[in-house]
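Visitor: The structure that follows is given in the form of C-alpha cells.
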Amino acid sequence: MTESVTSAPPADTRAGKPFLEVKDLQVHFPTDDGLVKAVNGLNFTLERGKTLGIVGESGSGKSVSSLAIMGLHKGSKAKVSGEIWLDGAELVSMSVPEMRALRGQQVAMIFQDPLSAMHPFYRVGDQLTEAFLVHNNAPKAVAKKRAVELLDRVGIPSPDKRFFDYPHQFSGGMRQRAMIAMALMCDPALLIADEPTTALDVTVQAQILDLMKDLQKEFNSAIILITHDLGVVAKMTENVVVMYGGRVVESGNVRDIFYRPEMPYTWGLLGSIPRVNRSGDGRLKSIRGTPPSLINLPKGCPFQPRCDYQEHVEGANCATELPELLQIGQEQHRVRCHINSEQRKQLFTEQIKPSL
Amino acid sequence: MSTTTSAEQATGKQAAGGELLLETRGLQRYFPVTQGIIFQKQTGAVKAVDGVDLSIRAGETLGVVGESGCGKTTTGRLVTRLDEPTGGTISFMGSDITHLNRARMRPFRREIQMIFQDPFSSLNPRQTVGTIIGAPFDIQKVKSETGTKKAVQTLMERVGLNPEHYNRYPHEFSGGQRQRIGVARALALRPKLIVCDEPVSALDVSIQAQIVNLLEDLQEEFDLAYLFIAHDLSVIRHISDRVAVMYLGKVVETADRDELYNHARHPYTHALLSAVPEADPDAEERRERIRLTGDVPSPLNPPSGCRFRTRCWKAQEICAAEEPPLMQIGAPGHQAACHFPEERDVV
Amino acid sequence: MTLGVSETQSPDEGLPTDALVETAEAKEIEGRSPGEIAWARLRRDKIAIASAIVILLIILVALFAPLIVKLNGFPPDQFNKLNANGDPLLNTRDGGIPIGGLWGSGTSSEHWLGVEPQNGRDVFSRLVYGTRVSLLVALGGTIIAVVLGTVIGMVSGYFGGWVDTLLSRLMDIMLSFPSLLFVMALTPVVASRGQDLLGIPDDNKLRMGVLMFVLGFFGWAYLARIVRGQTLSLREREFVEAARSLGAGPNYVLFRQVLPNLLPTLLVYTTLLLPTNITAEAALSFLGVGIKEPTASWGRMIADASAWIESNPLYLFFPGTALFITVLAFNLLGDSVRDALDPRAGRS
Amino acid sequence: MGRYLIRRLIQAVFVLLVISAITFFLFWATPANPALLICGRNCNAETVAQVNATYGFDKPLVVQYGQYMQGLVSPGGRTIGSEGNERNCAWPCFGESYQNGIPVWNSIKDAFPATLWLALGAAVLWLLSGVMLGLIAALRKGKFIDKFSVGLALFGVSFPTIVFGYLLLFLFIVKLKWIPFPDTANAALFTVGPVKWLQFYILPWITLALVFAALYTRITRANMIDTMNEDYIRTARAKGLGERTVVFKHGLRSALTPIVTIFGLDVGGLLGGAVITEQIFSITGLGKFSIDSVLSNDLPAIMGVVLFAAIFVVLANIVVDVLYAVIDPRVRLS
C-alpha cells in the first residue's frame, strides 16, 4: 500500500515454516469459583491468503484463543502457555512492548459488536487514524488520506464526510465496515474476526462476508474466522477447527469437516442445524445435555457425557482417558475420538449422512 | 431418526389447518414521535406495524420472518395484547379482542401464551422454578385437579426438566434448560396458540435443535398453533407450515412453506434467501448471490409506494408512485406485494 | 440492623451452618436463592461480621440505656455539683470547668467519661442516651424515605404517562431544593406547626418526630429516581411481559415481580442512608435546630463541647468518637452488603 | 441547542416559582404571628396592628406572595412599609430583615464571597485528590495502593464534618498552634493578602473537601474499573496503542464523564452555603447567615437564602446537562 510496508523478513529465512502456527496453546483463568480452563491445547497452522474457521459453541474457548494470539491476556490474571509462531516470531513469550508493536500492525482484530467495540466519544475517522499513527511515523494528513481511502474501499458512501461522524451515527452494518477498515489501516498480515457478523441482519451479513472475501484477495491476508454459524464457515473458509470444552476435537479442510466428519460432536453440530435449502420435516438431530463447565471438565473425552456412540469404543475408556488428536490418512484431517477411524467412517455413512 | 417419524410429521403438517384461531386485519401500531418546548405535539410516527393481515388455524405454525426493525416482534406483542394496536382488528376464535380491557381479555389469555427470546430475562431471578411455572395457575386462579405443585412437576417432566428441581432458582440452569422452563410456563394452561418470539436465537446450535424438537413434539401432543417469529430463515423453514415475510412493517410475501422457499416471487424474499449461507461448501461455491445494497430505511419516514424500492434492483417509476397490494400469485395461498414479481432460483 | 438484613435475605431460615457452606461451595450449589448466596458471602466477610457486632452493641446500648445508666447512677439530666466525698466537681470561679480528671474533664471512678462544664451532668449517661436519639431519628427518617421513595418510584416507573411526568417533576423539584438549608429552616417551623395542630408541646418527643419526618421527606427523591429507573427497565424485562400476558394486573406485577428484584437496591440504599441520617441528625442538633435541651444527643453535645475545646477537649472527643464509630460501622456493613449482593463479584 | 436552552430556562423558572411558593406559604403560614416576632417582648395590640400594617401581614397570604414576587421580578423592586413610612426596596428585593431592618439582598451580597471562596477552594481540592486517588486505585486494582485508597475513602465518608472539623481545629489551632484562631476579617483575599487568606481558609477547605474527596475517589475508581472492562478498551489495545494512551485517552475520558455531572451539582449546592463548615470555623458566609436567620426566626432572611441557593442548584442542573452533551456526542439536547 502506501508508506506502510509491513516489516516482513525475507521469505527464505523461514522457508518451510507456516505463516502462523499455534502449538498446544493453553489459557486458564483463576476465579473465585475455581480455575476456568478455557483453552486446553489448541493446535493449528495457517498460511497467508487462507482462511481458517474456528467453530464451537459458547464456552468452547474460541474467543479466548483469539485474544491469546493478540496477546491481550498479557497483564491480566490469565495463564497462557504453549507457543504461537507468527512469521518467525514467538508471541506467547514476547514482551508486552514487542507485542504492542505487532498489534494492529501485523495482527488486527474485528470484533463481534462494533457498537461497543468503538469508543463512543471519538469520531470514527480519528479512531481509524489512531491505529495508523501509532505504528507509522507519518503526518496526520497521510493517515487521514488512508482512512478515507479505506472507508471508501469497505463501501461507506461519501467517506470524506463520514470520516467526521461518531460511531452512533452509523448503522450496524456501516459500523462493522468501519471496524474492518480500522483493522486494515496498517495492512496487517493476519486478521482475526471474532463473530464478525453475528450481530448483523442476514442481508448485511452477506455484504460483510463478501467484502471480507474481496479484501482478502486484495491484501493477501490470512484470516482466522471465529463463528458458531456453520453456514458462514462453509462459505468463507478453507480449513476448519472444531472446538469443544476448550479442546480441538476435529480439524481439517472444510470439505472433510462438512462431508467426511468423524467426530460425534461434529456430527451432532451438522445434524442440529435446519437447512434453508431443504424441507426437513424430520426431527433435528440434536445433541443431548449441555456443554461442560470449564471449571469441572469431564475426565477423559470432553464430549463423553453427551456422546451417543460410546458403545463403539473397545474397552469403554471414554470417561477415563482423553483421546489424542490423531491424523487420518494423508490430509491434514485430525480427529480426537476413541472409536477407530474405519468404524467412524462406517457410522457416518450408514447412520449420520442419510439424515443430514 | 427413523423415516416413520418424518412421515408422521409430514402427515401431521398436512392435517394442519383446522378451525380458524386468530385473524388480524389491517393491524397497525404507530409509535408517536413528539417534540415541543413546553407542550409536546406529535410531529410524526414510527410505523412499526402498518397494515398486517395474518391468519392462523388450530394446530398449524405460521412463521413470521424478517430483519430487525421489520415489525415482527411488535406484531407478536399486538397479537398477545401486550401492546395496544393503533389500527386494525384482531379476532380470536371469532371474538374481536382488539381493544378488550384487562378484565375482559383475561379469559382469552388462557388460550394465547407466549415464549420469549431471552432465556435470562424471561424468568424472574428471584422466583423458584416452581413459582414461575405455577404462575399461570396463580394469576388465572385456576385450580389444578392434582394440585399446583403436582401439575408443575408433571409439566417439568414433560419438557425434559428434572421435577426434583422444583425449588431451584433460574440462575442454576443453563440457557437451554431455562428456555424449557419458559415453554413449560406457556404450556401450563393448555393454550390453543403460543406466540414464540425468537425462542431459539439466543441458544447454542445444539441446544437450539433440542428446543425446536421439543416445540414440534408438543405441538403434536397438544394440538398447538404457533406464531413463530424469527430472523433465521432456516429455522423458519424447518418449523413452519406457512410463512409470512415482513419488511418495514408490512407483509411483502406469504405462502405455504415449500411454495415460498421454492417459488418465491418478491425480490426481497429472493434477497433474503440468497443471503443465508448454507452449511455446504460445494453449494456455497456454486451459488449466485443477490447483493443488496444499503440499509433498511427508517420506519419514521418509509419510502413512498413500495417500501423495498430503495434497495430493489427492479424498481421503476411505478414503484415510487404506487404501493403494490398483496396479490394472489402462483399456488393457492401464495401472495406477494410486488409490481414486478418473478420466480427465481435462489436457494 | 444485622437482624433486619438477615430477615430480608433469607426468609426461610434453613440456612446452612458454616461447615455446610463449605461443602456446598465445594460441590454443587443446590437450590440457593440469590439472596442466600449473598448471605453466605456476607458471613464469610470478616469486616462485615465485625461491623455487624459493633452495630449490634450500639443498638443494645440504645435499647437498654436506662439499665446501663443505672450502673453509674447518674441520670442524664441530673446536675451534679459534688462528688461522693462532698468535694465540688466544678471550678465555679473558672467558668465552671470540671476539676481534675484527664485533661481537665472531670473523669473519675464515679464519672467515667467526666462531667459537663458548668452544670456537671454525667457525660457517660448523656452519651448512652444520645445513642437512642441518634439511632431512632436516623431509623425513622430512613424508613420514611425508603417507603416513600420505593412507592413513588415504582408507581412513576410502572405507570408512565402523565403520572410519571408529574412524579418525575416532583422528584426534580425535591432534588433542586437546597436540602440541608431547607431542612434546617423547616425543622423549627414544622415543630411549632405540629405543636399547634396536634396540641403536643414542642418538646423533644415532637422534635424527634419532626426530624424523622423532615429527613424522610427530603431523602426519598433520590431513591425514587433510582427505583423509577430500575422499574422502567424491569418493566421491559420479559418476565414481566410473561406475567402480563397471563393477565396479571399492576399489583401482581409491582409486588410479586418488580419489588423482589428491587430488594438488593433498597437494602444497599438503606444501609447507606442510615449513616447519612445519623450524621444529619447530629448536624441539625449541632446547629441548634434539632434536639434541644435537656435531652441528650450527640450533635448537641458536640455543639456544647465546642465552646470548651481549649480547656476540656475530652468533652468533644467522646460524642465525636461515638458518632464516627457508628457511622463507620454502618458504612462498612453497607459496603459489604453491596459487595455481597453484586452479581459480578467474584467473577472476571 | 438554542431551543433546548430556552426550554430548560423556562423549566428552571417554573421550578424556582414552585420552590418560592412552597417556601413562602410554609414559613408565612406558621402560627407564630410574624408581627409578634418583630416587636418581640413589648408587644401589645396596638404595636401588633402597626407592625401588621407596616409589613402587610393583614393582607391575604396570596397577596403578600404576589408582592414578594413583584420585588424579585420588577426591575424597580417594590415599595415597603406603611403609609407615611414608605421606602423603595431595590431589585432584587428579598424583603428586609426582621432583626435589623437591613435589606436581605445586601446581607446575601456581603456573605456570598466568603462562601464562594470556601466552596471553590474545597472543590479544587476534592476534585484533584478524589479523581487522582480513585484513578490510581482503579489502575492498581487489588494492590496495596488500591486497598489503601479504598480504606481512606471509607474513612473519609464516615467522618462526620462536625467531628472532622473540630478535630482539625483542635489539632492545628489549639494544640499545635500552627494556625491562629480564625479571624473573620480574613475572609476576603484582597484586603488581608494571600498568606493570611490561606491560613484562614486552609482548614475549612480540608474539612469541607474530605467527604467529597472520599466520594469522588469511590466513584472514579468504580467508573474506571467498569470502563477498563469495556469492549472499546480492548479495541484500543488491539490497535497496539500504548497503555498510557489506552488509560488516559480512552479510559479516563469515559470514566470522568459522570463525574462532571456530580461535580457541577455538588458545587452548585454548596454555593448556597456550607452551613456546618462555616459554623465551625466562624466564617461569615451564606451558611452562617442562614443558620443565624433560622435561629432568630428571621423569615425574610431565611426565604431569601433558600431562594438564592435554589437558583444555583437549578442553574447547576442546566450547566451540567449542557456540559454532558458537549462531552458525550451521543447525547442530543432536545
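Visitor: Which of the helices (runs of 4 or more DSSP H) contained wholly in the stretch B:118-215 include at least 1 residues that are among the acidic types (Asp, Glu)?
Guide: Ranges flagged: B:129-140, B:148-158.
Visitor: Hey, can you tell me all the residues within the stretch A:275-303 that are in contact with a His (Cβ under 8 Å, 6 or more places away or on another chain) and touching a residue at least 12 places away in the same chain (Cβ under 8 Å)?
Guide: If the condition is that a residue be in contact with a His (Cβ under 8 Å, 6 or more places away or on another chain) and touching a residue at least 12 places away in the same chain (Cβ under 8 Å), then A:284, A:301 are the ones that fit.
Visitor: Specify the residue that is surrounded by the fewest Cβ atoms within 10 Å (Cβ to Cβ); the eligible residues are those in the stretch B:44-68 that are among the β-branched types (Val, Ile, Thr) and over 17 Å from residue B:193 (Cα atoms). Walk me through it before giving the result.
Guide: From the stretch B:44-68, those among the β-branched types (Val, Ile, Thr) are B:46, B:49, B:52, B:56, B:61, B:64-65; that's our starting set.
Filter once more, so that each one left must be over 17 Å from residue B:193 (Cα atoms): B:46, B:49, B:52, B:65.
Working: B:46: 19, B:49: 31, B:52: 26, B:65: 25.
Ranking the qualifying residues of the stretch B:44-68, first place goes to B:46.
Visitor: OK, next. Could you please find all residues in the stretch B:273-305 being of a type in the set (A, V, I, L, M) and either farther than 18 Å from residue A:201 by Cα or in contact with a strand residue (DSSP E or B) (Cβ under 7 Å, 6 or more places away or on another chain) (or both)?
Guide: So in the stretch B:273-305, the residues of a type in the set (A, V, I, L, M) come out as B:273, B:275-276, B:279, B:283, B:290, B:292, B:296, B:300.
Across the stretch B:273-305, the qualifying residues are B:283, B:300.
Visitor: Right, next: Taking the residues in the stretch B:196-251 that are closer than 27 Å to residue B:307 by Cα and of a type in the set (S, T, N, Q) as candidates, determine which candidate is nearest to the chain's Cα centre (by Cα).
Guide: In the first step, residues of the stretch B:196-251 are kept if they are closer than 27 Å to residue B:307 by Cα; the result is B:196-198, B:201, B:227-237, B:240-251.
Subsequent filtering for residues that are of a type in the set (S, T, N, Q) retains B:201, B:234, B:240.
On the way: B:201: 12, B:234: 14, B:240: 10 Å.
Here the answer is B:240.
Visitor: Please tell me if residue A:99 is of a type in the set (A, V, I, L, M), out of contact with any Ser or Thr (no Cβ under 7 Å at 6 or more places or on another chain) and at the interface with chain D (Cβ under 9 Å from one of its Cβ atoms). Please lay out each step first, then the result.
Guide: Values: of a type in the set (A, V, I, L, M): yes; out of contact with any Ser or Thr (no Cβ under 7 Å at 6 or more places or on another chain): yes; at the interface with chain D (Cβ under 9 Å from one of its Cβ atoms): yes.
Spelling it out, residue A:99 is indeed of a type in the set (A, V, I, L, M), out of contact with any Ser or Thr (no Cβ under 7 Å at 6 or more places or on another chain) and at the interface with chain D (Cβ under 9 Å from one of its Cβ atoms).
Visitor: Check off (1) crowded, with 21+ Cβ neighbours inside 10 Å; (2) at pLDDT below 90 for residue C:281 and give me the number that stays unchecked.
Guide: (2)
Visitor: Let me confirm something: among B:116, B:92, B:120, which residue is open to solvent by 60 Å² or more (accessible area, probe 1.4 Å) and aromatic (Phe, Trp, Tyr)? Full working, then the answer.
Guide: Numbers: B:116 fails: open to solvent by 60 Å² or more (accessible area, probe 1.4 Å); B:92 fails: open to solvent by 60 Å² or more (accessible area, probe 1.4 Å).
Answer to the check: B:120.
Visitor: Another question about this same structure. Taking into account only those residues within the stretch A:257-282 that are open to solvent by less than 20 Å² (accessible area, probe 1.4 Å) and more than 10 Å from chain B (Cβ to nearest Cβ), which is nearest to residue B:216 (Cα to Cα)?
Guide: The selected residue is A:267.
Visitor: Hey, another quick one. Specify which of the listed residues (A:41, A:59, A:49) is among the small types (Gly, Ala, Ser) and modelled with pLDDT of 90 or more.
Guide: Being among the small types (Gly, Ala, Ser) and modelled with pLDDT of 90 or more holds for just one of A:41, A:59, A:49, which is A:49.
Visitor: Only one of (1) open to solvent by 40 Å² or more (accessible area, probe 1.4 Å); (2) closer than 30 Å to residue A:239 by Cβ; (3) touching a Lys or Arg at 6+ places or on another chain (Cβ under 6 Å) fails for residue B:291. Which number is that?
Guide: (3)
Visitor: Of the conditions (1) farther than 21 Å from residue B:106 by Cβ; (2) modelled with pLDDT of 90 or more, residue B:135 fails just one. Which one is it?
Guide: Only one criterion in (1) farther than 21 Å from residue B:106 by Cβ; (2) modelled with pLDDT of 90 or more is unmet by residue B:135, namely (1).
Visitor: Right, something else. Can you confirm whether the stretch C:238-251 contains a residue that is farther than 30 Å from residue C:205 by Cβ, within 14 Å of chain A (Cβ to nearest Cβ) and either of a type in the set (S, T, N, Q) or surrounded by fewer than 24 Cβ atoms within 10 Å (Cβ to Cβ) (or both)? Can you show your working first?
Guide: Looking only at the stretch C:238-251, we keep the residues that are farther than 30 Å from residue C:205 by Cβ, and these are C:238-251.
Still in the running and within 14 Å of chain A (Cβ to nearest Cβ): none.
Among the residues of the stretch C:238-251, not one is farther than 30 Å from residue C:205 by Cβ, within 14 Å of chain A (Cβ to nearest Cβ) and either of a type in the set (S, T, N, Q) or surrounded by fewer than 24 Cβ atoms within 10 Å (Cβ to Cβ) (or both), which makes the answer no.
Visitor: All but one of (1) modelled with pLDDT under 90; (2) closer than 24 Å to residue A:232 by Cβ hold for residue A:75; state the number of the condition that does not hold.
Guide: Against the list (1) modelled with pLDDT under 90; (2) closer than 24 Å to residue A:232 by Cβ, residue A:75 comes up short only on (2).
Visitor: Right, something else. Within the stretch A:55-67, identify whether any single residue is open to solvent by less than 50 Å² (accessible area, probe 1.4 Å), assigned to a strand (DSSP E or B), touching a residue at least 24 places away in the same chain (Cβ under 8 Å) and closer than 23 Å to residue A:336 by Cα, and answer yes or no. Break it down stepwise before answering.
Guide: Kept after step one, since they are open to solvent by less than 50 Å² (accessible area, probe 1.4 Å), are these residues of the stretch A:55-67: A:55-57, A:59-67.
Next, from what is left, pick out any that are assigned to a strand (DSSP E or B): A:55.
Next cut, touching a residue at least 24 places away in the same chain (Cβ under 8 Å) only: A:55.
Those still in the list that are closer than 23 Å to residue A:336 by Cα too: A:55.
Scanning the stretch A:55-67, I find at least one residue that is open to solvent by less than 50 Å² (accessible area, probe 1.4 Å), assigned to a strand (DSSP E or B), touching a residue at least 24 places away in the same chain (Cβ under 8 Å) and closer than 23 Å to residue A:336 by Cα, so the answer is yes.
Visitor: Might you check whether a residue that is among the charged types (D, E, K, R), surrounded by 22 or more Cβ atoms within 10 Å (Cβ to Cβ) and more than 9 Å from chain C (Cβ to nearest Cβ) occurs anywhere in the stretch D:303-325?
Guide: There is no residue in the stretch D:303-325 that is among the charged types (D, E, K, R), surrounded by 22 or more Cβ atoms within 10 Å (Cβ to Cβ) and more than 9 Å from chain C (Cβ to nearest Cβ).
Visitor: For the stretch A:235-249, indicate whether the set of residues that are open to solvent by 30 Å² or more (accessible area, probe 1.4 Å), more than 30 Å from residue A:347 (Cβ to Cβ) and within 14 Å of the chain's Cα centre (by Cα) is non-empty. I'd like the intermediate steps shown before the answer.
Guide: From the stretch A:235-249, those open to solvent by 30 Å² or more (accessible area, probe 1.4 Å) are A:238-239, A:247; that's our starting set.
Subsequent filtering for residues that are more than 30 Å from residue A:347 (Cβ to Cβ) retains none.
Within the stretch A:235-249 (the criterion being open to solvent by 30 Å² or more (accessible area, probe 1.4 Å), more than 30 Å from residue A:347 (Cβ to Cβ) and within 14 Å of the chain's Cα centre (by Cα)), the answer is no, since none of the residues qualifies.
Visitor: I need the full set of residues from the stretch D:275-302 which are facing chain C (nearest Cβ under 7 Å) and either surrounded by 24 or more Cβ atoms within 10 Å (Cβ to Cβ) or at pLDDT 90 or above (or both), in order please.
Guide: Here is the first cut: in the stretch D:275-302, the residues facing chain C (nearest Cβ under 7 Å) are D:275-276, D:279, D:290-291, D:294-295, D:302.
Residues satisfying the conditions are D:275, D:276, D:279, D:290, D:291, D:294, D:302.
Visitor: Might you check whether a residue that is within 11 Å of chain A (Cβ to nearest Cβ), open to solvent by less than 40 Å² (accessible area, probe 1.4 Å) and free of Cβ contacts under 8 Å to residues at least 24 places away in the same chain occurs anywhere in the stretch B:210-227?
Guide: Among the residues of the stretch B:210-227, at least one is within 11 Å of chain A (Cβ to nearest Cβ), open to solvent by less than 40 Å² (accessible area, probe 1.4 Å) and free of Cβ contacts under 8 Å to residues at least 24 places away in the same chain, which makes the answer yes.
Visitor: Output yes when any residue across the stretch A:94-113 is over 22 Å from residue B:292 (Cα atoms), in a loop (DSSP other than H, G, I, E, B), touching a strand residue (DSSP E or B) at 6+ places or on another chain (Cβ under 8 Å) and open to solvent by 10 Å² or more (accessible area, probe 1.4 Å), and no when none is.
Guide: Our first condition is that a residue be over 22 Å from residue B:292 (Cα atoms); within the stretch A:94-113, this holds for A:94-111.
After this cut, where a residue has to be in a loop (DSSP other than H, G, I, E, B) as well, the list is A:94-95, A:104-106, A:111.
Going one step further and asking which of them are touching a strand residue (DSSP E or B) at 6+ places or on another chain (Cβ under 8 Å), we end up with A:106, A:111.
Keeping just the survivors that are open to solvent by 10 Å² or more (accessible area, probe 1.4 Å) gives A:106.
For the stretch A:94-113, residues over 22 Å from residue B:292 (Cα atoms), in a loop (DSSP other than H, G, I, E, B), touching a strand residue (DSSP E or B) at 6+ places or on another chain (Cβ under 8 Å) and open to solvent by 10 Å² or more (accessible area, probe 1.4 Å): present.
Visitor: Sort out which residues of the stretch A:171-212 are within 21 Å of residue A:50 (Cβ to Cβ), within 12 Å of chain B (Cβ to nearest Cβ) and among the β-branched types (Val, Ile, Thr), and write them in order of number. Walk me through how you get there before you give the answer.
Guide: Initial filter on the stretch A:171-212 (within 21 Å of residue A:50 (Cβ to Cβ)): A:180, A:183-184, A:186-197, A:208-212.
Now drop any that are not within 12 Å of chain B (Cβ to nearest Cβ), which leaves A:197, A:208-211.
Once the filter is applied, which keeps residues that are within 21 Å of residue A:50 (Cβ to Cβ), within 12 Å of chain B (Cβ to nearest Cβ) and among the β-branched types (Val, Ile, Thr), the stretch A:171-212 yields A:197, A:208.
Visitor: Only residues that are surrounded by 22 or more Cβ atoms within 10 Å (Cβ to Cβ) and in contact (Cβ under 8 Å) with a residue 60 or more places away in the chain: list them for the stretch D:143-165, please.
Guide: D:149, D:153, D:156, D:157, D:162, D:165
Visitor: Any chance the stretch D:73-86 includes a residue that's in a helix (DSSP H, G or I) and among the hydroxyl-bearing types (Ser, Thr, Tyr)?
Guide: In the first step, residues of the stretch D:73-86 are kept if they are in a helix (DSSP H, G or I); the result is D:73.
Add one more test, that the residue is among the hydroxyl-bearing types (Ser, Thr, Tyr), and what stays is none.
There is no residue in the stretch D:73-86 that is in a helix (DSSP H, G or I) and among the hydroxyl-bearing types (Ser, Thr, Tyr).
Visitor: Taking the stretch A:64-90 only, how many residues are farther than 14 Å from residue A:22 by Cβ and of a type in the set (A, V, I, L, M)?
Guide: 2
Visitor: I need the full set of residues from the stretch C:284-328 which are small (Gly, Ala, Ser), within 17 Å of residue D:165 (Cβ to Cβ) and either open to solvent by 10 Å² or more (accessible area, probe 1.4 Å) or not in a helix (DSSP H, G or I) (or both), in order please.
Guide: Within the stretch C:284-328, the first condition is being small (Gly, Ala, Ser), and the residues that meet it are C:285, C:288, C:290, C:296-297, C:299, C:303, C:305-307, C:311, C:320, C:322.
The next check asks that each one be within 17 Å of residue D:165 (Cβ to Cβ); those that pass are C:285, C:288, C:299, C:303, C:305-307, C:320, C:322.
If the condition is that a residue be small (Gly, Ala, Ser), within 17 Å of residue D:165 (Cβ to Cβ) and either open to solvent by 10 Å² or more (accessible area, probe 1.4 Å) or not in a helix (DSSP H, G or I) (or both), then C:288, C:303, C:306, C:307, C:322 are the ones that fit.
Visitor: For the stretch D:69-101, enumerate the residues that are under 14 Å from residue D:305 (Cα atoms) and not polar (S, T, N, Q). Full working, then the answer.
Guide: Initial filter on the stretch D:69-101 (under 14 Å from residue D:305 (Cα atoms)): D:72, D:92-97.
Result: D:72, D:92, D:93, D:94, D:95, D:96.
Visitor: Another question, if that's okay. Please indicate, with yes or no, whether at least one residue in the stretch C:234-250 is hydroxyl-bearing (Ser, Thr, Tyr) and closer than 19 Å to residue C:164 by Cβ.
Guide: Checked against the condition, which is being hydroxyl-bearing (Ser, Thr, Tyr) and closer than 19 Å to residue C:164 by Cβ, the stretch C:234-250 yields no hits at all.
Visitor: Can I ask one more? Being open to solvent by 70 Å² or more (accessible area, probe 1.4 Å) and among the aliphatic types (A, V, I, L, M) is the filter here; which residues of the stretch C:195-229 pass it?
Guide: Initially, the stretch C:195-229 is screened for residues open to solvent by 70 Å² or more (accessible area, probe 1.4 Å), giving C:195-198, C:201, C:205, C:213, C:217, C:222, C:225.
Within the stretch C:195-229, C:197, C:198 qualify.
Visitor: Which residue pairs have Cβ atoms under 6 Å apart, sit 6 or more places apart or on different chains, and have a first residue in the stretch A:27-39 that is at the interface with chain C (Cβ under 10 Å from one of its Cβ atoms) and a second that is assigned to a loop (DSSP other than H, G, I, E, B) and open to solvent by less than 40 Å² (accessible area, probe 1.4 Å)?
Guide: A:29/A:78; A:32/C:346; A:36/A:294
The values are calculated or read from the model by the stated rules, or taken from the named source; none is laboratory data. Please read all numbers here as calculations on a predicted model, not as lab measurements. Glycine gets a Cβ as well: all are built from the backbone with ideal geometry, and neighbour counts include every protein chain shown. Note: areas computed on protein heavy atoms with side chains; ligands, DNA, RNA excluded. Shrake-Rupley method; radii C 1.70, N 1.55, O 1.52, S 1.80 Å.
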